[in-house]
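Everything below concerns the one structure shown next.
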Amino acid sequence: MSRLPDGVVGDAYTSRFAWETLEALVEVGNRMAGQEGERDGAEVIADAFAEAGLREVEIDEFEIPGWWRGSSELTLADPHDRTYDQSHEVVALPGTPAGDAAGEVVDVGYGTPAEFEEADLDGKIAMASSETPEDHGRWIHRMEKYVAAAEAGAEGFVFRNHVEGCLPPTGEIGYHNRPGPIPAVGVSAEVGARLARYCADDEATATLSVECRNDETSSRNVEAVVGPDETEAGDVPEVLLTAHVDAHDIAEGANDNGAGSALVAEVGRLIAQVEEDLDARVRLVTFGSEEIGLWGAYHWAESNDLDSVKAVVNVDGAGNSRNLGVGANQFDALGEVFEEVTDELDAPLSRHDTISPHGDQWAFVQEGVPAVMAYTESEGSGRGWGHTHADTLDKLDVRDLRATAVLLAESVLAVADDEREIPQKSREEIRDTIDEGYVEELKRGGRWPYEEGARNAE
């Protein structure tokens, strides 16, 4: 049973609003957190919220530790005498310090804990794949691999893309107290394959050089609301529909996460057409500075009363197909909403329940607020084109955005139903059910939120 009237569904399947919003975002160019393009991207979304007929549109500015890219270079010593310094070969990872590292390159494969334990990395440069083995049980984030390399005594870190096409991956390296301790770069699958071949012959000795800048700057969240106003709503909680507007500076950030921000605006536009039927307010938020530490989401969570938040639906990487996926973070009642909606609409759904500390929803999950990440799935392992030069508009299709917007709008309306109970959890419940691997990653990177002095610590 559709919660959207037929006329609104028809509008959704013919609208170009989300696509035109996405086009405006990618035309901004560099939307790196804390830089001018992120500010311009926030203005694009604020304008889209206003055009969609949403209320209380505002931009909230806050301070963050920024990062600016310089040049990067990886030079192999004799007998190879090769230098990689082009953008399709090697890029710095945000949060890395500037500096040089030299030593033998050691390939630690996928970068699993077992592979790091077996490797002698003291005084050397560690190289790990961006891929996670299928039988590992959970995704291993680059942050975990970087921290493991630094703790093992490595002088530098090389993150090797597993996707072919001369596409070095970027992505922050995860230390809360930036910058990290050792230089870090991403290299293309092709450069990584060459290094791995040399490593196998014990011939890979290299110098890694990174130029960058770590300075304080400001980022921005954009907000708007639809539904009953505060005097009418009384104690009715809010449902948050969120995404992040920032993107890595090496690409357009079309799928990660321009599409998510455009979908938030489009879902707001659709819901506004049935506003009189809403049981609760829906607050739409596009966060700044997700890609370098979830700063926008943390800023919102720390600035607002989380007891008033019924649930959070965070949209990230939801543009590359119309096959919806949801990470439910063990909030069964919230995951069941997406199952019901997709069953009703005969749409596929991929659901996983592992609590993940990656994505803006984590700022809420760690506090026990029901929160999911909604995304779409396509063929391939890992994030695909994401975090590379190839995350561009031509990879996406307006028809996928339309279909995804309907699924998200139906899901948000179901969550907002006052007869739908979605209980919060205690911080202790969340803490005690996080996968041990993620616990170790968060503690190593200084991001474990359940210790004195940590973000939102008890």
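The values are calculated or read from the model by the stated rules, or taken from the named source; none is laboratory data. From a predicted model like this one, the values you see are computed outputs, not experimental measurements. FYI the Cβ positions are ideal-geometry reconstructions off the backbone, even for glycines, and counts take in every protein chain you see. To get the accessible areas, we keep the full protein, side chains included, count just its heavy atoms, and leave off ligands, DNA and RNA. Shrake-Rupley method; radii C 1.70, N 1.55, O 1.52, S 1.80 Å.
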Between the residues 227, 317, 244, the Cα farthest towards the positive end of the dipole of the range 212-319, that dipole coming from +1 and -1 charges on the beta-carbon of Lys, Arg, Asp and Glu, is from 317
How would 352, 389 rank on accessible area, largest to smallest, probe 1.4 Å? 352, 389
Compute the separation of the alpha-carbon centres of the range 139-159 and the range 73-129 and state it in Å as a whole number. 10
Lys, Arg +1 and Asp, Glu -1 on Cβ, resulting dipole of the range 145-191 about Cα centre, debye, nearest 20: 100
Using a Förster radius of 56 Å, what is the FRET efficiency between residue 436 and residue 14 based on their Cβ-Cβ separation? Nearest 0.05, please. 0.70
In nm, the gap between the two label points placed 7 Å beyond Cα toward Cβ at residue 399 and residue 333 is 3.9
With only Lys, Arg, Asp and Glu charged, each at its Cβ (+1 for the first two, -1 for the last two), find how big the charge dipole of the chain is about the Cα centre; round to the nearest 20 debye. 760
Eligible aspartates and glutamates near residue 145 by straight Cα distance, threshold 13 Å, same-chain separation 8 or greater: 107, 115, 117, 131, 172, 440, 441
By how many degrees, between 0 and 90 and to the nearest 10, does the Cα long axis of helix 142-151 differ from the longest principal axis of the chain? 40
Computed about the Cα centre, the charge dipole of the range 315-458 from +1 Lys/Arg and -1 Asp/Glu charges at the Cβ has a magnitude in debye, to the nearest 20, of 680
Put +1 on the Cβ of each Lys and Arg and -1 on the Cβ of each Asp and Glu in the chain; which of 13, 161, 141 then has its Cα farthest toward the positive end of the dipole? 161
Rounded accessible area of residue 61 (nearest 10 Å², 1.4 Å probe): 100
Within the range 38-81, which residues have the backbone N less than 16 Å from the label spot 7 Å out from residue 275 along Cα→beta-carbon, could you tell me? 47-58
Just how much of residue 14 is accessible, in Å², when a 1.4 Å probe is used and the result is rounded to the nearest 10? 100
Under a straight-distance cross-link criterion of Cα-Cα below 26 Å, which lysines are reachable from residue 425, leaving out those fewer than 8 residues away in the same chain? 310, 443
Could you report the range 1-149's accessible area per residue, 1.4 Å probe, as an integer in Å²? 44
Mind ranking 68, 19, 362 by accessible surface for me, highest first, 1.4 Å probe? 68, 19, 362
Over the chain, what is the percentage of antiparallel beta bridges among all DSSP beta bridges, to the nearest 5? 55
Determine the share of the chain's accessible area contributed by carbon and sulfur atoms, expressed in whole percent, with a 1.4 angstrom probe. 41
With all protein chains present, calculate the accessible area of residue 399 using a 1.4 Å probe and round the result to the nearest 10 Å². 140
Give the span of the range 324-458's Cα atoms along each principal axis, as three whole-Å numbers ordered largest to smallest. 48, 45, 19
Judged on accessible area alone, 1.4 Å probe, highest first, 404, 75, 207 line up as 207, 75, 404
Please find the FRET efficiency linking residue 217 to residue 304, where r is the Cβ-Cβ separation and R0 is fixed at 25 Å, and quote it to the nearest 0.05. 0.65
